[in-house]
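Since every read-out is calculated from the coordinates, none of them should be taken as a lab result. Worth saying up front: this structure is predicted, and the values here are computed from it rather than measured. FYI the Cβ positions are ideal-geometry reconstructions off the backbone, even for glycines, and counts take in every protein chain you see.
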Amino acid sequence: MAARNRKGLSENTRQRIQTTMIVKRLEKHVLAEPEIEDGVVITKDLMTQSQVTAALGLIKKTLPDLSAVEHSGSIDTNNANELSDSELADIATGRSSGAVEPADSKKVTH
């Protein structure tokens, strides 16, 4: 049997596990329902204000914000039925001015 190259978890994996644990703890806090035992209201899984603040601070550092992105340019579209055969051929071969070059392609300059 082949030996493993890595011992333990990567830092990225540890961070994801910790973030998941913090999120689950916050969910328990938010969804906690009070129970009544002997006439006393007991709420389990509640966090103190400082614990909530610390948890939110850690989440902000480990999870990306989902902020809205605004598009400020214009998008020009052409109906394929209105393009000439040579324009369609250029698009198909990647020679058109609007063709996007693949990210991993390498330009050769002489």
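Residue order for 62, 93, fewest other beta carbons within 10 angstrom first, comes to 93, 62. Between residue 27 and residue 40, the contour length at 0.36 nm per residue exceeds the Cα-Cα span by 2.3 nm. Under the Kirkwood approximation applied to all pairs of distinct alpha-carbon atoms, what is the hydrodynamic radius of the range 33-72 in Å? The Cα-based Kirkwood calculation yields 13.6 Å.
Based only on Cα atoms, what Rg/Rh ratio does the range 11-62 have, Rh being taken as Kirkwood's radius? Could you put the intermediate results ahead of the total?
On the way: Rg = 13.9 Å, Rh = 12.3 Å.
On the Cα set of the range 11-62, Rg over Rh gives 1.13.
In terms of other Cβ atoms within 10 Å, 91, 42 run from fewest to most in the order 42, 91.
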